[in-house]
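Enquirer: Just passing along the structure, written as structure tokens.
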Amino acid sequence: MKKSLLILAATAIMTSAISGKILRRQLSIFQGVVPETETLGNETMEFVYDYRCCVDTTESLEDNIASDNMLLQIGPDGLSKFSSYKNLTVDSIIMRSSQEQIANAALEGKLNNGEFMTIYKNYPKGKLTHTEKICQDWFRYDEDMPSFDWELTDSVINVLGYECQSAKCKFRGREWTVFYTEDIPLTDGPWKLHGLPGLIMKAYDEKGHYTFECIGIKSKANRPITIYKVPFNKVNRHDYYDTKHRYDVNPYTYYEVTTGGHITVTDEAGNPSLTAYDPIELPFEYIETDWNK
């Protein structure tokens, strides 16, 4: 059953203004809809990763980190899915709640979504598929499974009781350091990372702007690996980032142009903002920095 409920905040808020510079814009849209899904396979193992990213590289890392728990599901024939654990939980709550309960929970902030990025490896076979919701629209791009030129290094750490060896590589604008364990013989890992003789348990880029660390393992699991049955906008990787960038520099304009709706933007004091629709310079870089080169 699909439950449909849309809650759109009547106002948007611009926050974190420092010396006239807007560091973050927020557009609060909650759509209490769980799309129908297609099952791609059943998982055999699953791993939970703590995912952290810097949302303002001009300030200290400690005070400008966003985080989410991400679930890596391992399926048959090299299939895997990397997605927000929080979103799975929200979907489950919505599906077993009445519309009144959903509306109340949404207004109380109890159904806030996590990261919409979802990465499928070997779906289709030999391909990597990225799906993501941007504002009200769903996007998808497929690419060949990326190749990583890993350089094995000497560092060793312990993650969840597993001894992990280190490796490094440069990939699409960032230099990554990862730690993998041959005790879990899966050539997989968080996000797009893969290709080592063991599961990647921890990864971070050289600036510490993006990090992944395994914090939970379920060795016997049978959750289905699914994909939403939605009308995806099928694009290439460059066009996906271009669309994401247009949304991030001004979500209000993007919303109005793509939906025909209207948003009243106020400051924290409730006064109308005169500069809300001016584009801003993003204070961070995407996980792949080569998209606009």
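Rundown of residues vs (1) at pLDDT 95 or above; (2) in contact with a Ser or Thr (Cβ under 7 Å, 6 or more places away or on another chain); (3) farther than 22 Å from SER83 by Cβ; (4) not in a strand (DSSP E or B), yes/no style:
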site: GLU163; (1), (2), (3), (4): yes, yes, yes, no
site: ALA167; (1), (2), (3), (4): yes, yes, yes, no
site: LYS170; (1), (2), (3), (4): yes, no, yes, no
site: TRP191; (1), (2), (3), (4): yes, no, no, yes
site: TYR204; (1), (2), (3), (4): yes, yes, no, no
site: ILE215; (1), (2), (3), (4): yes, no, no, no
site: ARG246; (1), (2), (3), (4): yes, no, yes, yes
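Enquirer: Quick one: count up the residues across the stretch 104-122 that are over 18 Å from the mean Cα position of the chain (by Cα), surrounded by 17 or more Cβ atoms within 10 Å (Cβ to Cβ) and on the phi < 0 side of the Ramachandran plot. First the steps, then the outcome.
Expert: Step one: list which residues in the stretch 104-122 are over 18 Å from the mean Cα position of the chain (by Cα), which gives 104-110, 122.
Those left that are additionally surrounded by 17 or more Cβ atoms within 10 Å (Cβ to Cβ): 105-106, 122.
Narrowing further to those that are on the phi < 0 side of the Ramachandran plot: 105-106.
Counting residues in the stretch 104-122 that are over 18 Å from the mean Cα position of the chain (by Cα), surrounded by 17 or more Cβ atoms within 10 Å (Cβ to Cβ) and on the phi < 0 side of the Ramachandran plot gives 2.
Enquirer: Where the second residue is of a type in the set (Gly, Ala, Ser) and surrounded by 15 or more Cβ atoms within 10 Å (Cβ to Cβ) and the first is under 23 Å from THR37 (Cα atoms) and touching a residue at least 60 places away in the same chain (Cβ under 8 Å) and lies in the stretch 212-234, which pairs have Cβ atoms under 7 Å and are six or more apart or on separate chains?
Expert: ILE225/GLY41; ILE225/GLY75
Enquirer: Okay, next question. Taking interchain pairs and intrachain pairs at least six residues apart, which have beta carbon atoms under 7 angstrom, with the first residue in the stretch 45-60 and in contact (Cβ under 8 Å) with a residue 12 or more places away in the chain and among the acidic types (Asp, Glu) and the second part of a strand (DSSP E or B) and open to solvent by 30 Å² or more (accessible area, probe 1.4 Å)?
Expert: GLU46/LYS218; ASP50/SER67; ASP50/ASN69; ASP50/GLU213; ASP50/ILE215
Enquirer: Related question: Mind listing whichever residues of the stretch 114-128 are in contact (Cβ under 8 Å) with a residue 24 or more places away in the chain and part of a strand (DSSP E or B)?
Expert: THR118, ILE119, TYR120, LYS121, LEU128
Enquirer: Of the numbered conditions (1) closer than 23 Å to GLU288 by Cβ; (2) assigned to a helix (DSSP H, G or I), ASP149 fails exactly one; give the number of that condition.
Expert: With (1) closer than 23 Å to GLU288 by Cβ; (2) assigned to a helix (DSSP H, G or I) applied to ASP149, the lone miss is (2).
Enquirer: Residues of the stretch 249-281 being closer than 20 Å to ASP137 by Cβ and free of Cβ contacts under 8 Å to residues at least 60 places away in the same chain, which ones? Let's see the steps before the verdict.
Expert: So the first thing to find is which residues in the stretch 249-281 are closer than 20 Å to ASP137 by Cβ, and the list is 249-263, 277, 279.
Residues satisfying the conditions are VAL249, THR253, GLU256, VAL257, GLY260, HIS262, TYR277, PRO279.
Enquirer: Next question, about the same structure. So GLU46 ticks every box in (1) over 29 Å from LEU160 (Cβ atoms); (2) of a type in the set (D, E, K, R); (3) modelled with pLDDT of 90 or more but one. Which box is left unticked?
Expert: All conditions pass for GLU46, except number (1).
Enquirer: Could you grab me the full set of residues in the stretch 36-83 that are loosely packed, with under 14 Cβ neighbours inside 10 Å, assigned to a loop (DSSP other than H, G, I, E, B) and either charged (D, E, K, R) or in contact with a Cys (Cβ under 7 Å, 6 or more places away or on another chain) (or both)?
Expert: Across the stretch 36-83, the qualifying residue is only GLU36.
Enquirer: Moving on. Kindly provide the set of residues from the stretch 172-187 that are in a strand (DSSP E or B) and either of a type in the set (Gly, Ala, Ser) or without any contact (Cβ under 8 Å) to a residue 60 or more places away in the chain (or both), ordered by number. If you could, list the steps in order and put the result at the bottom.
Expert: Here is the first cut: in the stretch 172-187, the ones in a strand (DSSP E or B) are 174-181.
Hits for the stretch 172-187 are GLU175, TRP176, THR177, VAL178, PHE179, TYR180, THR181.
Enquirer: Also, I was wondering about something else. Hey, LYS86 hits all of (1) part of a helix (DSSP H, G or I); (2) more than 29 Å from LEU282 (Cβ to Cβ) but one; which does it fall short on?
Expert: That leaves (2) as the condition not met.
Enquirer: Sticking with this structure for a sec: Among the candidates LYS202, LYS192, LYS234, which residue alone is surrounded by fewer than 18 Cβ atoms within 10 Å (Cβ to Cβ) and closer than 23 Å to GLY78 by Cβ?
Expert: LYS234
The values are calculated or read from the model by the stated rules, or taken from the named source; none is laboratory data. What you see is a predicted model, and the numbers here were worked out from it, not measured in a lab. Cβ: placed from backbone, ideal geometry, glycine included. Neighbour counts: every protein chain shown. With ligands, DNA and RNA removed, areas are computed over all heavy atoms of the protein, side chains included. Shrake-Rupley method; radii C 1.70, N 1.55, O 1.52, S 1.80 Å.
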